[in-house]
Every structure is written in structure tokens, then in C-alpha cells.
Amino acid sequence: VMEKFLLNGQWKGKCYSADGDFSFDAKVPGSTINDLMNCGKLPKDIFWRDNSDRVQDFEKFDYDYEKSFNFEVKEGLKYILNFQRLDTYCDIFLNGRKIATTLNGLISHNFDVTDALVNGENKLLIHFTSPVTAVEGKPHMPGAFTTERMHTRRVQCTYFWDWVARFVCCGICGDVDITSYDPTTEIRIADNYIYTKYIDEDSAEIVVKLNFEKDSAAGQINLKVYDPEGNQVAHHERYCAEEVTRINLDIENPRLWYPSGYG
């Protein structure tokens, strides 16, 4: 059975400011804007008059987020470090070892840290590069308002829109945890791809492609699809020992939808 070790809560932050580095107490999930407000570097009433402009004083700086934690490593288990969302350009270090570099603030990230974890105290460090300086010098692209945003996979409206101020920041915006599993007894999905192969008013054919971790055990797959009301509309079960499997599902009377403005 998979176990989860949550790393949310209190972290230590550091800002590499042009006027001198400073440290601050950080909270995860969160962002540099929240933490800078809490430590007094930004006004609490950030939406009052032109207070939001103060955020731009900190958008070109790099930041560190660090957390120490005690952990018990069990023999034979695999350990995965999971980030629900990282915003955006960052290098991840565990006990001084570089685990990964991320460039996408719109997806989750998962990394095998089995060889980097130690019994006892561990130190996790996330170094964020400013999303503004990360794209400096890149080609200009046509678009509304500022176009630097087009080079970065993060929330676009935070670069200023006609209805919101500019709030470009960094941070650990979602849950952080370490999960463990036994590769000799548990199946673990590395990634999946789901798409509609055919659809009309009477039926739909959905294709589910599953890629499993190379060291995952063989076992039974039980795949179910539910409608918005919680009713089961498709079911497939099979034994699988391959690294990749493809499942075709037929759904009767599918719910059809269209993007706004298309009817």
C-alpha cells in the first residue's frame, strides 16, 4: 500500500535581492508574493490603489525555498518526490544532489529520489530563477499586452491584463510529498494518454494508453469511467505484465459539449 509523507507547511525562504539578500519564513503551498507580504516586504493591502505595483520590485530576483525533515528509509521500497505545481523555472536539490530542473508551471512533477534519501535528517532545496530574467533576450512575439509571457508555461494573466494588475512571482504553489511503493508487489503508472478516437450522438470510443514504471510488478488493471453524476458508464479489467498497454472503451450515449460560441 502506498504511503505518503507530506512536506507542506513551514519552509525557509531566501531572496537574492539587488539591494542585498534576505531570508524569510515561507509557507507551502504559497508564492513569493504571499511570503513577502507576511514578512513585511510587501504591503498587506496589496490591492489598495497602486500597492500592486510594488510586486514588480521583486519579480526579477531569484529565490531559494528550503526544508529539513526527518525520514525513515525502508529497504526495498521506491520513493517518489511529488510536486503538485512549481512556478516555474527551478532546480531541485535533495541532500546536495541535483534531482531535476523544471520549466513548466502548469503541470505536476514527480521524481524518483530513492537513491538520494537518507535515514534521519534530509534537506530539500528548490532554487527558483526569476521568470522575467529567464526569458530575457528571447525573440519578440506578437500578442496583446506584454508578450514575454508567451515564452513561459505559467499563468498568462499574471503578466498584466485589462482586468488584473501584474503579479509575476515564483513559488511552490501546490502540495509537496514523498510517496513510497513496493516495486515487487505494486503496479505504478509512469504516465498516461487518453483521447477520443470516435464520437457521435450514440456512442464514443475512448483510448487509454498506460505506460508503467520499468520495475513495476505485473498485476490486475481495473479501469472504470464515471459520468458527472457518479454513474459508471464503462469498465475494463485485465491482467497486465507489459510496460505499455492500450485499452479501448466504448461509451453509450456520451455527453457532447462544445466550446463557448460554437453552439
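The values are calculated or read from the model by the stated rules, or taken from the named source; none is laboratory data. Quantities reported herein were computed from a predicted structural model and do not represent experimental measurements. Neighbour counts are summed over all protein chains in view; Cβ atoms, including those assigned to glycine, are modelled from backbone coordinates with ideal geometry. Areas reflect the complete protein model, heavy atoms only, side chains present, ligands, DNA and RNA absent. Shrake-Rupley method; radii C 1.70, N 1.55, O 1.52, S 1.80 Å.
Some notes on this structure:
- Note on segment 130-154: residues that are in contact (Cβ under 8 Å) with a residue 24 or more places away in the chain, β-branched (Val, Ile, Thr) and within 17 Å of Gln56 (Cα to Cα) total 2.
- Residue that is most open to solvent (accessible area, probe 1.4 Å) [pool: residues in segment 2-38 that are assigned to a loop (DSSP other than H, G, I, E, B) and without any contact (Cβ under 8 Å) to a residue 24 or more places away in the chain]: Asp19
- Some residue of segment 79-97 being among the hydroxyl-bearing types (Ser, Thr, Tyr) and within 14 Å of the chain's Cα centre (by Cα): yes
- Being in contact with a strand residue (DSSP E or B) (Cβ under 7 Å, 6 or more places away or on another chain), within 18 Å of His127 (Cβ to Cβ), of a type in the set (D, E, K, R) and in contact (Cβ under 8 Å) with a residue 12 or more places away in the chain is a property that holds for Asp91.
- Check on Glu237, open to solvent by 50 Å² or more (accessible area, probe 1.4 Å), acidic (Asp, Glu) and farther than 30 Å from Leu7 by Cα: yes
- Annotation: of all residues in segment 154-189 being charged (D, E, K, R), part of a loop (DSSP other than H, G, I, E, B) and open to solvent by less than 80 Å² (accessible area, probe 1.4 Å), the one that is nearest to Tyr258 (Cα to Cα) is Arg154.
- Evaluated against (1) open to solvent by less than 40 Å² (accessible area, probe 1.4 Å); (2) of a type outside the set (D, E, K, R); (3) not in a helix (DSSP H, G or I), Ala134 falls short on exactly one condition, (3).
- Looking across segment 65-99, the residues that are under 18 Å from Val168 (Cβ atoms) and either open to solvent by less than 20 Å² (accessible area, probe 1.4 Å) or touching a Ser or Thr at 6+ places or on another chain (Cβ under 6 Å) (or both) come down to Tyr65, Leu86, Asp87, Thr88, Tyr89, Cys90.
- Residues (within 23 Å of the chain's Cα centre (by Cα) and farther than 15 Å from Met37 by Cα) located in segment 48-62: Lys60, Phe61, Asp62
- Residue in segment 40-63 that is modelled with pLDDT of 95 or more and in a strand (DSSP E or B) present: yes
- Of all residues in segment 190-218, those satisfying the criterion of being modelled with pLDDT of 90 or more, closer than 30 Å to Gly105 by Cβ and surrounded by fewer than 18 Cβ atoms within 10 Å (Cβ to Cβ) are Asn192, Tyr193, Ile194, Tyr195, Thr196, Val207, Lys209, Asn211.
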